[in-house]
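First comes the structure, then the notes that go with it.
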Amino acid sequence: MKILSNQKIGCLCEINSIDLPYSKRIKLLGLGINTGLIVSVLRNRGGDMVLIFGNARVGVGRNMANLIKVTIV
């Protein structure tokens with residue numbers, strides 16, 4: 001498995017695990033991000049990432065992205 005923060009722009013990834021504390025995991029669930037979701041990387045800057053899934057665009061901080069494990073689709 002690979003780490004979300006290392007993926008390049010345009011990469012299509014499936015989220016396999018989210019190794020965050022419960023409170024932060026609930027915040028991601030509120031945004032629609034959960035295991036099994038397929039996301040595309042729209043922007044991967046030095047600080048944050050922007051992910052696309054469906055019609056939604058969601059910004060994820062670097063620290064969170066470092067704890068999300070994905071596989072390339």
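For the range 30-54, the set of residues classified as more than 17 Å from Ile3 (Cα to Cα) and at pLDDT 95 or above consists of Phe53 only.
Of all residues in the range 17-34, those that are among the hydrophobic types (A, V, I, L, M, F, W, C) have Cβ atoms under 8 Å from Cβ atoms of residues that are assigned to a loop (DSSP other than H, G, I, E, B), 6 or more apart or on another chain, in Ile18/Ile33; Ile18/Asn34; Ile18/Thr35; Ile18/Leu67; Leu20/Leu67; Leu28/Leu20; Leu28/Asn34.
For the range 7-18, give me each residue that is exposed (fewer than 12 other Cβ atoms within 10 Å of the Cβ) and at negative phi. Result: Lys8, Ser17. Among residues of the range 4-15 that are in contact (Cβ under 8 Å) with a residue 24 or more places away in the chain, those with a Cβ under 8 angstrom from a residue that is in a loop (DSSP other than H, G, I, E, B) and crowded, with 20+ Cβ neighbours inside 10 Å, sequence gap 6+ or separate chain, pair up as Cys13/Gln7; Ile15/Ile33. Within the range 45-65, residues that are within 14 Å of Ile9 (Cβ to Cβ) sit with their Cβ atoms under 6 Å from residues that are in a strand (DSSP E or B) and of a type outside the set (A, V, I, L, M, F, W, C), at 6+ positions apart or across chains, in these pairs: Asp48/Gly59; Asp48/Gly61; Val50/Arg43; Val50/Arg57; Val50/Gly59; Ile52/Ser40. Scanning the range 19-58 for residues that are acidic (Asp, Glu) and surrounded by 14 or more Cβ atoms within 10 Å (Cβ to Cβ) returns a single hit, Asp48.
The values are calculated or read from the model by the stated rules, or taken from the named source; none is laboratory data. On a predicted model such as this, the values are computed, not experimentally measured, just so you know. Note that we place each Cβ from the backbone using ideal geometry, even for glycine, and neighbour counts take in every protein chain shown.
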